[in-house]
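Take a look at the structure below.
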Amino acid sequence: MAIFDYNKEALANLKIEDTSILDRLVDFETARKVHLSKERAKKDKRISLKEAVAEFVSDGDVVLDTGFGYVRTCIQSHFEIMRQKKKNLQMIGAPNTNQSYMSFAGCVYYSHSSYTGAEMRGTDKNYKRMMLQGRLKVVSEWSHGGVGQGLKAAQLGCPGVLSKQMLASDIVKYNPYLKVIQNPIKQDPDPAVFIPALYPDIVFIHAQVADKYGNAWLYGPTVNDVAGAAASKKVVITAEEIVPELDIRYNRKGTIIPFFYADAVVELPYGALPGSMPGCYYWPRQWWEKLMRLGGSSDENMGKFLDEWVFGTKDQIEFVEKLGGAKWMIEARRQTKAAEGDNEDIDFAYQEYRVDNDPGIYY
Amino acid sequence: MKNDAPANVLEILAYIIAAQIRDHSIVYVGTGLPMVAGILARNTHAPNVTMVYESGGQDPLPGDMPWSVGGPFTWRKSPMIQEMPYSFGQVYNGYVDIAFLGFAQVDMYGNVNTHMIGDDFHKPKARLTGSGGNNDLTSLAENMVIVGLQTPDKFPEKVDFITSVGHLTGGNSRKEAGLLGNGPIAVISQCGVFDFEPVTKRMRVKTLHPGMTFEVAQACTGFELLKPEGEIPMTPMPSPEVISILRTKVDPRGVFTSFPPA
């Protein structure tokens, strides 16, 4: 028996026959039950990334992408999910840039799509190939704001929100979760899009600083992460540094994710790589160019690329070595501190990646 | 780049976009040319403009050219960084005056496609980025300006996927569909500046760039362009001073304004 009454036009357009795959993202009752049964004790939740992925990511889960695609995003956690060959995952995020290569690795099959690519670093051609080869199925189209409002509705503690975003566009015709309804308090016609509260199964949030209980301090754009942490059934905090709880209480003004959301805490310096980490390190821009321009060009190249960078590294430390080791680390810290206005300005010029001129060190 | 070389097409576009920005306004910008234009406006006629980005950064201190809307230069020492849904909420609530966005296709009513090329969603000829914040801004912004290169494929009569609603099917259809703001007020391309005829809301030539004729602009378009009454004015071109500011202060490495692009 179907629990939810989805947008039928979207189901037809997306060719979704078994709607049960859609249920878990909007299954509030289960999310509430899971939250009620979570460990309440303030205890040391530290485990390794390998353990966290093995224990908390189940095949078929809806994974929420975090940060801003390649800004404070839990990409090393994505890589571990790939190494452990989790299957049939659904992925949502705004952006959801990282679904593409996770689909190639056979992990993500269902795509809740809002943005795929890497802005100025180039177009993602892999995503289309995954669609055409039947290795990735788009199950809902979104705008960034639409995903943000759905997660925010969950955090606010309400069944959904009425939005003016996505109205009258084809996005609504390709998203089974959305319904256009009349604003009930207006007498004149006033269409609005109902966006249900979204409850992902699992989220990895990479923080600059966390304590062993899971209080996590975020610096820079938080995007959807506070809402995503409140909504998701399982929450894994990964952090550049683990600090005493008192450091969070006294020194970390700003955005905190509270400890009782967290199921696990992972000390994971350089855990946002190959993305950037505000306050810590700048992007290896050439790495993204290589992914898009070389990896994106064919299945063969993507396979080689992932074999080298994901399956050929066992953790983020080996990844740093491959990017350029200490030389890369020093430059990446210098770049981010200058970009954020904490250090004196520097020259951001660099040589773009070219297939025929691999730099070896990826700034 | 030599500072006395004539302006290239991207520099001209940046200047024309910048000209749409009024001083003391709040501007929502995406990466690329709109960002260059915002910074150019701030360095010329609009020193008090406030810039807002979809990753939540707003009102940053001046710095280098960001390659991502999430990059540090979009929130460099920002007094606050908004969560993403709140950033779009500011647009809904009337705190943003104008937004600039790109496209893969734009049609005669200013509807924008950044999703896919082709007629089968499941077997696209090209799969593009999807909406990102494009739809959110287009749905909510008081004034929208659409920026990009013009070819008949990129200016079709009907876009392959409506990512973002412009004037929908013309007339009052945008408002009746429940969307906010004035919708697209201008389209800026290498041919000229276009507006939308007030009654039908069909795309109309407003000004043409130097050397451009209506016929050439029409040949670059997949639908019938409307022609304004009388002679079509020429788009004002940047002065050497403005080009010099663009090349020395705004985008000195030509990240977004070298032509051909780096």
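The values are calculated or read from the model by the stated rules, or taken from the named source; none is laboratory data. Bear in mind the structure is a predicted one, so any value in this text is a computation, not a measurement. For neighbour counting, all protein chains shown are included, and Cβ atoms are generated from backbone atoms with ideal geometry for every residue, glycine included.
It is to be established whether one or more residues within region B:105-114 are out of contact with any Lys or Arg (no Cβ under 7 Å at 6 or more places or on another chain), surrounded by fewer than 22 Cβ atoms within 10 Å (Cβ to Cβ) and at pLDDT 95 or above. Within region B:105-114, none of the residues are out of contact with any Lys or Arg (no Cβ under 7 Å at 6 or more places or on another chain), surrounded by fewer than 22 Cβ atoms within 10 Å (Cβ to Cβ) and at pLDDT 95 or above.
Filter the helices (runs of 4 or more DSSP H) completely within region A:1-99 down to those with at least 3 residues that are under 18 Å from the mean Cα position of the chain (by Cα).
Fully inside region A:1-99 and qualifying: A:49-56, A:75-83.
For the residues A:G360, A:G279, A:G271, A:G312, the requirement of being at pLDDT 95 or above and on the phi > 0 side of the Ramachandran plot singles out A:G279.
In this entry, B:W75 is excluded by the filter for residues that are buried (at least 20 other Cβ atoms within 10 Å of the Cβ), in contact with a helix residue (DSSP H, G or I) (Cβ under 8 Å, 6 or more places away or on another chain) and at the interface with chain A (Cβ under 8 Å from one of its Cβ atoms).
Could you list, in sequence order, all residues of region B:83-103 that are assigned to a loop (DSSP other than H, G, I, E, B) and either facing chain A (nearest Cβ under 9 Å) or modelled with pLDDT of 95 or more (or both)? Write out each step before concluding.
Step one: list which residues in region B:83-103 are assigned to a loop (DSSP other than H, G, I, E, B), which gives B:83, B:93-97, B:102-103.
Passing the criteria: B:E83, B:N93, B:G94, B:Y95, B:V96, B:D97.
Can you pull out every residue in region B:192-216 that is closer than 27 Å to B:K175 by Cα, more than 20 Å from the chain's Cα centre (by Cα) and polar (S, T, N, Q)? Answer for region B:192-216, where residues must be closer than 27 Å to B:K175 by Cα, more than 20 Å from the chain's Cα centre (by Cα) and polar (S, T, N, Q): just B:T200. Please pick out the residue among B:L168, B:L225 that is modelled with pLDDT of 95 or more and within 28 Å of B:F121 (Cβ to Cβ). Within the list B:L168, B:L225, the selection yields B:L168.
Residues that are facing chain B (nearest Cβ under 7 Å) and not in a loop (DSSP other than H, G, I, E, B) were ranked within region A:142-172; the one that is surrounded by the fewest Cβ atoms within 10 Å (Cβ to Cβ) is A:D170. Looking across region B:48-70 at every residue that is more than 10 Å from every other protein chain (Cβ to nearest Cβ) and either over 12 Å from B:P34 (Cβ atoms) or β-branched (V, I, T) (or both), the one that is surrounded by the most Cβ atoms within 10 Å (Cβ to Cβ) is identified as B:V52.
Taken over region B:203-262, the criterion of being without any contact (Cβ under 8 Å) to a residue 40 or more places away in the chain and assigned to a helix (DSSP H, G or I) is satisfied by B:F214, B:E215, B:V216, B:Q218, B:E241.
Could you say which residue among B:T169, B:T151, B:T129 is out of contact with any helix residue (DSSP H, G or I) (no Cβ under 9 Å at 6 or more places or on another chain), farther than 21 Å from B:G89 by Cβ, within 11 Å of chain A (Cβ to nearest Cβ) and assigned to a loop (DSSP other than H, G, I, E, B)?
Numbers: B:T151 fails: within 11 Å of chain A (Cβ to nearest Cβ); B:T129 fails: out of contact with any helix residue (DSSP H, G or I) (no Cβ under 9 Å at 6 or more places or on another chain).
That would be B:T169, the only listed residue that is out of contact with any helix residue (DSSP H, G or I) (no Cβ under 9 Å at 6 or more places or on another chain), farther than 21 Å from B:G89 by Cβ, within 11 Å of chain A (Cβ to nearest Cβ) and assigned to a loop (DSSP other than H, G, I, E, B).
Name the residue, out of A:L268, A:L178, A:L198, that is under 16 Å from the mean Cα position of the chain (by Cα) and surrounded by 21 or more Cβ atoms within 10 Å (Cβ to Cβ).
Details: A:L268 fails: under 16 Å from the mean Cα position of the chain (by Cα); A:L178 fails: under 16 Å from the mean Cα position of the chain (by Cα).
Testing whether each residue is under 16 Å from the mean Cα position of the chain (by Cα) and surrounded by 21 or more Cβ atoms within 10 Å (Cβ to Cβ) leaves just A:L198.
For region A:227-247, residues that are under 23 Å from A:A41 (Cβ atoms) and within 14 Å of another protein chain (Cβ to nearest Cβ) total 3.
Hey, among B:L10, B:L33, which residue is surrounded by 21 or more Cβ atoms within 10 Å (Cβ to Cβ), touching a helix residue (DSSP H, G or I) at 6+ places or on another chain (Cβ under 7 Å), within 25 Å of A:I346 (Cα to Cα) and more than 8 Å from chain A (Cβ to nearest Cβ)? Spell out the reasoning first.
On the way: B:L10 fails: within 25 Å of A:I346 (Cα to Cα).
Exactly one of B:L10, B:L33 is surrounded by 21 or more Cβ atoms within 10 Å (Cβ to Cβ), touching a helix residue (DSSP H, G or I) at 6+ places or on another chain (Cβ under 7 Å), within 25 Å of A:I346 (Cα to Cα) and more than 8 Å from chain A (Cβ to nearest Cβ), namely B:L33.
Of all the residues in region B:172-202, those that are acidic (D, E) and assigned to a strand (DSSP E or B) number 1.
In the set B:P60, B:P47, B:P72, which member is free of Cβ contacts under 8 Å to residues at least 40 places away in the same chain and more than 25 Å from B:I243 (Cβ to Cβ)?
Details: B:P60 fails: more than 25 Å from B:I243 (Cβ to Cβ); B:P47 fails: more than 25 Å from B:I243 (Cβ to Cβ).
Just a single option satisfies the conditions, and that option is B:P72.
Can you tell me which residues in region B:248-262 are more than 19 Å from B:G148 (Cβ to Cβ) and surrounded by 21 or more Cβ atoms within 10 Å (Cβ to Cβ)? Answer for region B:248-262, where residues must be more than 19 Å from B:G148 (Cβ to Cβ) and surrounded by 21 or more Cβ atoms within 10 Å (Cβ to Cβ): just B:V250. Those residues that are more than 11 Å from every other protein chain (Cβ to nearest Cβ), farther than 16 Å from B:Y92 by Cβ and of a type in the set (S, T, N, Q), I need them from region B:172-189; list them, please. Within region B:172-189, B:N172, B:S189 meet the criteria. Screening A:D61 with (1) out of contact with any Leu (no Cβ under 8 Å at 6 or more places or on another chain); (2) touching a residue at least 60 places away in the same chain (Cβ under 8 Å) gives one miss only, at (1).
Residues checked against (1) within 14 Å of another protein chain (Cβ to nearest Cβ); (2) among the aromatic types (F, W, Y); (3) surrounded by 12 or more Cβ atoms within 10 Å (Cβ to Cβ); (4) part of a helix (DSSP H, G or I):
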| position | (1), (2), (3), (4) |
| --- | --- |
| A:E321 | no, no, yes, yes |
| A:T336 | yes, no, yes, yes |
| A:D345 | yes, no, no, no |
| A:P359 | no, no, yes, no |
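For B:I16, indicate whether it is buried (at least 19 other Cβ atoms within 10 Å of the Cβ) and at pLDDT 95 or above. Against the criterion (buried (at least 19 other Cβ atoms within 10 Å of the Cβ) and at pLDDT 95 or above), B:I16 qualifies. Per the listing A:D299, A:D315, the residue uniquely among the acidic types (D, E), surrounded by 14 or more Cβ atoms within 10 Å (Cβ to Cβ) and closer than 16 Å to A:Q76 by Cα is A:D315. Of the residues making up region B:78-95, those that are crowded, with 24+ Cβ neighbours inside 10 Å and either under 26 Å from B:L128 (Cα atoms) or out of contact with any Pro (no Cβ under 8 Å at 6 or more places or on another chain) (or both) are B:M84, B:P85, B:S87, B:F88, B:V91. Note on region A:100-119: residues that are part of a helix (DSSP H, G or I) and farther than 20 Å from A:G303 by Cα total 1. Quick check: is even one residue across region A:111-130 among the β-branched types (V, I, T) and either away from chain B (no Cβ under 11 Å) or more than 29 Å from A:A12 (Cα to Cα) (or both)? No, that holds for no residue.
Of everything in region A:125-166, what is aromatic (F, W, Y) and without any contact (Cβ under 8 Å) to a residue 24 or more places away in the chain? Give them in sequence order.
none
Of B:M80, B:M108, all but one fail to be within 20 Å of B:V147 (Cα to Cα), of a type in the set (A, V, I, L, M) and part of a loop (DSSP other than H, G, I, E, B); the exception is B:M108.
Among the residues of region B:130-155, those that are closer than 25 Å to A:R129 by Cα and surrounded by fewer than 24 Cβ atoms within 10 Å (Cβ to Cβ) comprise B:D153, B:K154.
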